[in-house]
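Peer 1: The structure under discussion is supplied below as structure tokens; questions concerning it will follow.
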Amino acid sequence: MVLTTHRLGALTVDQLRFRYFPTNTRGSQVACYRRVSRLIKGAFLEPNYVPFLANTGRGKALLTLGPQGRILVSQLLGIPRSQIGRVRLDSPVVIPHHLALCDTRLALELACERSTSFILESWVPERELRQSPITVKDPKTGETAPLVPDAAFSITPTPGRTERFFVEQDMGTVPVGRMRPKLRAYLLGIQEPALFVCYLSTKSI
């Protein structure tokens with residue numbers, strides 16, 4: 001759970017339950033919440049309550065790495081603790097989009113784990129793609145524009161062959177006028193297919 005939280009940056013208890021306790025039973029729910037509670041008490045995970053993730057009450061807990069979690073990740077992955085930064089998600093627009101991407105990634109990971117035909121080789125988040133954005137040139141105007149997908153992943157359907165996909169997580173919040181240039185950029189300059197995921201609910205899996 002600690003490593004999954006590190007990879008995704010921030011996620012909810014429901015998403016950890018979906019990942020590690022996929023059976024929708026009372027026993028699996030209790031086991032998941034008990035384990036998360038222990039990790040929080042041990043400072044491996046840190047809950048951040050976000051009111052706008054729920055209609056009433058305190059809101060859902062957005063889980064991030066705690067102090068002990070960062071130490072454990074540093075030891076397990078052999079990376080300096082200074083490179084394991086705190087995740088700050090405080091926007092009512094950014095958080096639902098981030099959690100929807102987490103849902104997509106977790107579903108893909110589980111599907112590939114259960115498949116005998118596909119292996120998930122990598123998942124690259126938007127923050128890494130922004131470091132080297134794709135440049136697309138419009139043949140009509142000669143103008144160039146950067147293109148940064150929400151994520152990218154690679155799967156291996158057969159030995160020796162890897163296919164790459166870009167992910168666009170659609171929350172229904174981007175106006176048509178802003179979506180058209182992005183769609184045009186994909187059609188003009190991208191060889192890899194783009195997977196558009198339409199998120200129809202604000203409730204996590």
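The values are calculated or read from the model by the stated rules, or taken from the named source; none is laboratory data. Predicted model only: the values in this text are computed from it and were never measured. Every residue, glycine among them, receives a Cβ derived from its backbone with ideal geometry; neighbour counts consider all protein chains shown. Surface areas here come from the heavy atoms of the whole protein model, side chains and all, with no ligands, DNA or RNA. Shrake-Rupley method; radii C 1.70, N 1.55, O 1.52, S 1.80 Å.
Peer 1: If Lys and Arg each add +1 and Asp and Glu each add -1, what is the summed charge of the other residues whose beta carbon sits under 15 Å from the beta carbon of T173? Please list the in-between numbers first.
Peer 2: On the way: positive: R178, K182; negative: D150, E168, D170.
Net charge in that neighbourhood comes out at -1.
Peer 1: Moving on to the next point. Under a straight-distance cross-link criterion of Cα-Cα below 15 Å, which aspartates and glutamates are reachable from K137, leaving out those fewer than 8 residues away in the same chain?
Peer 2: K137 reaches no qualifying aspartates and glutamates.
Peer 1: Once you list every other residue whose beta carbon is under 11 Å from the beta carbon of C198, what net charge do they have if Lys and Arg are +1 and Asp and Glu are -1? Display every interim value, and only then the final one.
Peer 2: On the way: positive: none; negative: E168, D170.
The answer is -2.
Peer 1: Here is a follow-up. Could you please report the charge total around R184, scoring K, R as +1 and D, E as -1 over all other residues with beta-carbon less than 12 angstrom from its beta-carbon? Numbers along the way, then the final one.
Peer 2: Numbers: positive: K137, K140, R178, R180, K182; negative: D138, E143.
Once all neighbours under 12 Å are counted, the net charge is +3.
Peer 1: Would you list F196, F18 from the most to the least accessible area, probe 1.4 Å? Write down the numbers at each step before the final one.
Peer 2: Working: F196 80, F18 55 Å².
The most accessible residue leads, giving F196, F18.
Peer 1: Next question. Leaving out ligands and nucleic acids, note down the accessible area per residue over the chain with a 1.4 angstrom probe, in whole Å².
Peer 2: Working: 12400 Å² over 205 residues.
For the chain, the solvent-accessible area averages 60 Å² per residue.
Peer 1: Can you find, among V36, M179, V197, the residue sitting farthest towards the positive end of the charge dipole of the chain, where Lys and Arg contribute +1 and Asp and Glu -1 at Cβ?
Peer 2: V36
Peer 1: On the full set of protein chains, 1.4 Å probe, figure out the accessible area of K60 and give it in Å² to the nearest 10.
Peer 2: Roughly 50 Å² of K60 is accessible to a 1.4 Å probe.
Peer 1: Once amide H atoms are built 1.01 Å from N in the peptide plane, which residues 5 or more positions from L62, or in another chain, come under 5 Å H to H?
Peer 2: Long-range HN contacts for L62: N48, Y49, V50.
Peer 1: Can you list residues whose amide H is under 5 Å from F196's amide H, if they're 5+ apart or on another chain and H is modeled 1.01 Å from N?
Peer 2: Under 5 Å from the amide H of F196: E168.
Peer 1: How big is the dipole moment of the chain about its Cα centre under a simple scheme where the beta carbon of each Lys and Arg is +1, that of each Asp and Glu is -1, and everything else is neutral? Debye, nearest 20, please.
Peer 2: Numbers: 27 positive and 16 negative charges, 137 e Å.
Dipole of the chain, to the nearest 20 debye: 660 debye.
Peer 1: Counting only protein heavy atoms and using a 1.4 Å probe, what share of the accessible area of the chain belongs to carbon plus sulfur, as a whole percent?
Peer 2: On the way: 6640 of 12400 Å².
Here carbon and sulfur together make up 54 percent of the probe-accessible area.
Peer 1: Which whole DSSP H helices in the chain pass both tests: a Cα extent of 15 Å or more along the axis and a mean Kyte-Doolittle value no lower than 0.5?
Peer 2: Details: long enough: 26-41 (22 Å, -0.48); 67-77 (16 Å, 0.53); 94-114 (30 Å, 0.47); 176-189 (20 Å, -0.13).
Going by DSSP H runs, the hits are 67-77.
Peer 1: Beta carbons within 10 angstrom, averaged per residue: use that to sort the peptides 6-16, 113-123, highest first.
Peer 2: Working: 6-16: 20.6, 113-123: 12.2.
Taking the mean over residues of other Cβ atoms within 10 Å, the ranking is 6-16, 113-123.
Peer 1: Would you rank Y33, Y186 by solvent-accessible area, highest first, keeping every protein chain in place and using a 1.4 Å probe?
Peer 2: Working: Y33 110, Y186 20 Å².
Accessible-area ranking of Y33, Y186, largest first: Y33, Y186.
Peer 1: Running a GNM on the chain with Cα contacts under 10 Å, which residue among Q68, Q169, Q131 ends up with the highest mean-square fluctuation?
Peer 2: Most flexible of the set in this elastic network: Q131.
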